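Scroll down for the structure; my scribbles are underneath it.
Values quoted throughout were computed directly from the atomic coordinates according to the rules given, and no laboratory measurement underlies them. If you're wondering where the values come from, they're calculated on a predicted model, not measured in any experiment. With ideal geometry, Cβ positions are generated from the backbone for all residues, glycine too; neighbour counts draw on all protein chains shown.
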Amino acid sequence: MAGSKSLKVVIKLGTSSIVDEKSHEPILSNLTLIVEAAVKLRKDGHDVIIVSSGAVGVGMRRMDVAERPKHLPSIQALAAVGQCQLMSTWDSLFSHLRQPIAQILITRNDIVDRTQYVNAQNTLAQLLSMGVIPIVNENDTLTVSEIKFGDNDTLSAITAAMIEADYLFLMTDVDGLYTANPRTNPDARVIDIVQDISSLEADVSSAGSSLGTGGMGSKIVAARLATSAGVTTVITRSSRPGTIEEIIEHHSSNDATSSDSALGVEETKPDPPLHTCFLPSDSPVHSRSFWLLHGLKPHGSREPGFLRNAESMHDTNEPIFTGS
């Protein structure tokens, strides 16, 4: 992407992309490819933030725990153990390529409080200006269930909005958002472009891995948040992070081709890697307005049927939370 404008890119990695579901070992092959892709983006002049899950899974391996506990203090303790090893792994891999990183742990309260929100914005902006790749995670050690983001998909969308990112990549273990469950329906296909999330008809049956908390439904919620802030959001396979640049180039060249077509110039382009792209809102909400809409803590609880099927995505005015 030499010669293209500088972009802000947020890359979100779920637990299943980082930690083996059975052995709980970090998947070094995946992590290495992600590091190489992130450093390549940096060398091309782009700002990169990674939102990384996996602390609890890595902690389970370190403490020889076979199954994810349900007891909150146990989960928090494993997160504390795992976060140390996870950051050590990230730092070791990035150090080989002489790329400095920083750890940023955020809680919901940091987003609710306007002063802390602005401080987080300023810190991220300063790190990016220094050429650092921040690695963001929810502070699971301190956060109780009532004030959790829910999963890092939501956190990544808020982070992307906070820095006014150009792209949010939600990296997962499938190629994108499918029209139906590809495991049971051979006719299922990846949806290339989503222009209007409210009219989406797709398969959201993925419930996430046994180690993580996010599934496809949570990624659609994240896409809705991010696109409302003007962020192009992409779901694609985490085992091929090198395709991030290809996808950005594809959408950049699409914009250029649209202009060329208007002038009567046509160019044949190769097919892009499989992915689903959620286009940003034509009327994005930025900065303080986004914080007022999405940063304040809701009261009440989620409706039991929220995002369990495609129909729940149709009504954009349906409240996510109910209660006082």
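By its C-alpha gyration tensor, with a ≥ b ≥ c as the square roots of the eigenvalues, how is the stretch 24-144 shaped: rounded for a/c under 1.5, else prolate for a/b larger than b/c, else oblate?
Verdict is oblate for the stretch 24-144.
Applying the Karplus parametrisation 6.51 cos²θ - 1.76 cosθ + 1.60 with θ = phi - 60° to the phi angles of the stretch 221-231, what ³J(HN,Hα) value in whole Hz is obtained for each residue in order, glycine and proline being reported as x?
Running phi through 6.51 cos²θ - 1.76 cosθ + 1.60 with θ = phi - 60° gives 4, 4, 5, 4, 4, 5, 5, 5, 9, x, 9 Hz.
What nm value, rounded to one decimal, do you get for the distance between LEU97 and ARG62 when each label is placed 7 Å out toward the C-beta?
2.4
Given contacts defined as C-alpha pairs under 8 Å and at least six residues apart, what's the relative contact order of the stretch 1-144, whole-number percent?
Computed value for the stretch 1-144: 25 percent relative contact order.
List the residues, sorted by chain then number, that are 5 or more residues from PHE278 or on another chain and whose placed amide H is less than 5 Å from its amide H.
VAL194, THR233, VAL234, ILE235
Take each of the peptides 104-116, 129-141, average the number of other beta-carbon atoms within 10 Å over its residues, and list them starting from the highest.
Top to bottom by mean Cβ count within 10 Å: 129-141, 104-116.
Neighbour counts of other C-beta atoms within 10 Å: give me HIS24, HIS286, HIS294 arranged from fewest to most.
In increasing order of surrounding Cβ atoms, one gets HIS286, HIS294, HIS24.
Please go through the residue pairs LYS22/LYS43; LYS12/LYS70; LYS22/LYS219 and name each one whose alpha carbons sit more than 32 Å apart in this structure.
Check vs 32 Å cut-off fails for LYS22/LYS43.
Which distance in nm do the two modelled labels at THR179 and ASN109 give, with both placed 7 Å along the Cα-to-Cβ direction?
About 4.9 nm, to one decimal.
Can you work out ³J(HN,Hα) from phi for every residue in the stretch 166-173, in order, using Karplus 6.51 cos²θ - 1.76 cosθ + 1.60 and θ = phi - 60°, giving whole Hz and x for Gly and Pro?
Once θ is set to phi - 60°, the couplings for the stretch 166-173 become 7, 9, 10, 9, 9, 8, 9, 9 Hz.
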